[in-house]
Amino acid sequence: MPLIGENLGHYYQKDRWIIKDTNLSVAPGEVLGLSGYSGCGKTTLSRILAGYISPRIGRVSIGHKTLERRAFRPVQLIYQHPEKAINPKWRMRDVLIESYTPSQDILDAFEIREEWMNRWPVELSGGEKQRFCIVRSLNPATKYIIADEMTTMLDAITQARIWHAFLGICKSRNIGVIVVSHESSLLNRLCDNIYKVGSGG
Amino acid sequence: MQGVQEGLNVRKKMILLLAFSSGFLLVILFLSFWLSNDNLRLSSAKNLAPNLEHLFGTDWLGRDMFTRTIKGLRLSLALGAFTSLLSVIIATLMGVCAATFGRTVDAVISWLIDLFIGMPHLVFMVLICFIAGGGVYGIVLGISLTHWTALARLVRSEVLQIKNVEYIQISKSYGKSAWFIARKHILPFIFPQLMIGFLLMFPHVILHEAALTFLGFGLSPQTPAVGIILSEAMSHISTGKWWLVVFPGVLLVGVIKSFDSIGEKLRILMEPSSANE
């Protein structure tokens, strides 16, 4: 059941279209890259695909069914800034198990240590928090993951390790991944296909 | 930078202070039940300055001021706590509803807030108090129904500010219910404001209780309540009976201060950024 966006268009101010006539589809297990210059609508497009905002025209569907609003959304979005994506008043353990309880294998794959669990979010670095965000989006019910500039703030070695672990799990569960980045070398390395936002294809 | 600390750390000191404040309040509460009502009878020992038998002296009817003050504080505290709680609950409900249920509800609640602020609230309180039949009941209803507005506005703006934060949107994408989000994400965020609102209501309630009683709509004059004691004592201060006003006043300030510090300490202890100090 591929994730399909048909004829998507969106604007924030009337008639100033950020994206228009956008068609794209991701198959399960596929890794699609979204590239484009800053401000071209990459984040808007990924928020539409993940169901955070509904497009002004067009529709998003998985296997001909549109997304349900109230249930768990099978398309999960990982944000660029983990410090905004985590409630600062929760301990990391609560953050992690808000959607489901991950197994020890997944925690080991991302090198999340047991002693981080009882800390507050302010006591971890951005990269450590981002690993928690990745793990909590890997719910058993997740079918697609959109990684919006997921590793931009990390150094090259950590980036490589996180992507390796992340794509390994996605491949084994047949999860479709959309990688959003403006860094073409990263996209060329990771993706099966690359879609350029703002050029119509 | 802090080096290795010796002795108590900040957290332990805070817990000690917290225990001291709560202990102070508990002692007053305990004393108020322990002291006998007989001390409130009229006696021939009138207008005595503070001595060993009457720690706070006696008033012009021979009543023991220590007993009156402690019992009065208990009543005022209970009244203050209950009224503040009621108005904080109203404010939270109104504020959260205004911020989450769309424009129409927001407009209605904002209009209601403006209505309550626009009315002179003493008049409003007297009216509600009169309808409810005076007494403790009237005071609680009168004050709590007129004093939720400022806090409701604050809650509304706080909720509006946090409502579209990323971690709440993520929580929604996990299919969490509105109730879960309100309880786990929004309430902890507005809790400090609620706490401060609650504590600031306290002295307000005690003053208004005195005002209503003074106007004849509140408690009956023989009831020992701090407001009544203070307003009666004010008329005797010019004749040199300072003990009638000084001790109840000082104790009232002490009680309110300890409530304040309990609230403040709790807030700091719960704040994640100070968890290690």
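The values are calculated or read from the model by the stated rules, or taken from the named source; none is laboratory data. Quantities reported herein were computed from a predicted structural model and do not represent experimental measurements. For neighbour counting, all protein chains shown are included, and Cβ atoms are generated from backbone atoms with ideal geometry for every residue, glycine included. Areas reflect the complete protein model, heavy atoms only, side chains present, ligands, DNA and RNA absent. Shrake-Rupley method; radii C 1.70, N 1.55, O 1.52, S 1.80 Å.
The residues on offer are B:202, B:217, and the sole one that is of a type in the set (Phe, Trp, Tyr), under 13 Å from residue B:84 (Cα atoms) and surrounded by 20 or more Cβ atoms within 10 Å (Cβ to Cβ) is B:202. Scanning segment A:13-37 for residues that are in a loop (DSSP other than H, G, I, E, B) and either in contact with a Gly (Cβ under 7 Å, 6 or more places away or on another chain) or touching a residue at least 24 places away in the same chain (Cβ under 8 Å) (or both) gives A:27, A:28, A:29, A:30, A:36, A:37. For segment A:14-41, a residue qualifies if it is open to solvent by 90 Å² or more (accessible area, probe 1.4 Å) and either touching a Cys at 6+ places or on another chain (Cβ under 8 Å) or within 18 Å of residue A:188 (Cβ to Cβ) (or both), and exactly one does: A:37.
Summed over segment B:48-80, the residues that are touching a strand residue (DSSP E or B) at 6+ places or on another chain (Cβ under 9 Å), part of a helix (DSSP H, G or I) and charged (D, E, K, R) give a count of 0. Just one of (1) within 22 Å of the chain's Cα centre (by Cα); (2) within 14 Å of another protein chain (Cβ to nearest Cβ) fails for residue B:81. It is (2). Residue under question is residue B:178, and the condition is that it be of a type in the set (Gly, Ala, Ser) and under 20 Å from the mean Cα position of the chain (by Cα); does it hold? The answer is no for residue B:178.
Of the helices (runs of 4 or more DSSP H) contained entirely in segment A:38-101, those carrying at least 1 residues that are among the basic types (Lys, Arg) and more than 9 Å from chain B (Cβ to nearest Cβ) fall at A:42-49, A:92-96.
Here is a yes/no grid of residues against (1) assigned to a helix (DSSP H, G or I); (2) over 27 Å from residue A:44 (Cβ atoms); (3) in contact with a helix residue (DSSP H, G or I) (Cβ under 6 Å, 6 or more places away or on another chain):
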| site | (1), (2), (3) |
| --- | --- |
| A:131 | yes, no, no |
| A:135 | yes, no, yes |
| A:161 | yes, yes, no |
| A:177 | no, no, yes |
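For residue A:153, the criteria (1) farther than 20 Å from residue A:129 by Cα; (2) assigned to a loop (DSSP other than H, G, I, E, B) hold in every case but one, which is (1). The helices (runs of 4 or more DSSP H) located wholly in segment B:92-181 that include 3 or more residues which are open to solvent by less than 70 Å² (accessible area, probe 1.4 Å), within 14 Å of another protein chain (Cβ to nearest Cβ) and among the hydroxyl-bearing types (Ser, Thr, Tyr) occupy B:166-173.
Regarding residue A:115, is this residue in a loop (DSSP other than H, G, I, E, B) and either more than 7 Å from chain B (Cβ to nearest Cβ) or over 19 Å from the mean Cα position of the chain (by Cα) (or both)? Considered against the rule, which asks whether it is in a loop (DSSP other than H, G, I, E, B) and either more than 7 Å from chain B (Cβ to nearest Cβ) or over 19 Å from the mean Cα position of the chain (by Cα) (or both), residue A:115 comes out as no. Remark: pairs (first residue in segment B:7-36, on the phi < 0 side of the Ramachandran plot; second residue not in a helix (DSSP H, G or I); Cβ separation under 7 Å; 6+ apart in sequence or on different chains) = B:9/B:277; B:10/B:277; B:11/B:277.
Residues checked against (1) at pLDDT below 90; (2) over 25 Å from residue B:183 (Cα atoms); (3) open to solvent by less than 50 Å² (accessible area, probe 1.4 Å):
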residue	(1), (2), (3)
A:78	no, no, yes
A:83	yes, no, no
A:86	no, no, yes
A:106	yes, yes, yes
A:113	yes, yes, no
A:123	yes, no, no
A:132	no, no, yes
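Can you say whether residue B:157 is farther than 21 Å from residue B:108 by Cα and of a type in the set (Gly, Ala, Ser), as far as the supplied structure shows? It is false that residue B:157 is farther than 21 Å from residue B:108 by Cα and of a type in the set (Gly, Ala, Ser). In this structure, residue A:3 qualifies as buried (at least 18 other Cβ atoms within 10 Å of the Cβ) and either free of Cβ contacts under 8 Å to residues at least 40 places away in the same chain or more than 21 Å from residue B:166 (Cα to Cα) (or both).
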